[in-house]
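Have a look at the structure below, then the notes.
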Amino acid sequence: METIQVVLDTELLQAADRVLRETKQTRSTLIRDALRQHLKTLSIRALEERERLRYEAMPQVTSDVSDWEAEAVWPES
């Protein structure tokens, strides 16, 4: 592991310290966990954006939808 220096505003640090007292964690643990979660969120967003762009690049063909329309109809009771 590496040691780094992080600058936080006073309110954010105080809020973190309140949570840390309740959870009995260290600041380092909190920051590591938060950074991991943030990086995971960014990765998911990037994947979703790539998928969205791929769908936009492949325009929907009407026959693709009409083939399934009969399946979407509720049967009469």
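Considering LEU20, LEU12, the condition of being surrounded by fewer than 10 Cβ atoms within 10 Å (Cβ to Cβ), out of contact with any Pro (no Cβ under 9 Å at 6 or more places or on another chain) and part of a helix (DSSP H, G or I) is satisfied by LEU12 alone.
Residues that are of a type in the set (Asp, Glu) and within 12 Å of ILE31 (Cα to Cα) within region 2-17 comprise just one, ASP17.
To keep it simple, each residue is scored yes or no on (1) exposed (fewer than 10 other Cβ atoms within 10 Å of the Cβ); (2) in a loop (DSSP other than H, G, I, E, B); (3) over 25 Å from the mean Cα position of the chain (by Cα); (4) not basic (Lys, Arg).
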| site | (1), (2), (3), (4) |
| --- | --- |
| GLN25 | no, yes, no, yes |
| ARG52 | no, no, no, no |
| GLU56 | yes, no, no, yes |
| VAL65 | no, no, yes, yes |
| ALA70 | yes, no, yes, yes |
| GLU76 | yes, yes, yes, yes |
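Bear in mind that the values in this text are calculations on the coordinates, not laboratory data. On a predicted model such as this, the values are computed, not experimentally measured, just so you know. Please note: Cβ atoms are built from the backbone with ideal geometry, for glycine as well, and neighbour counts cover all protein chains shown.
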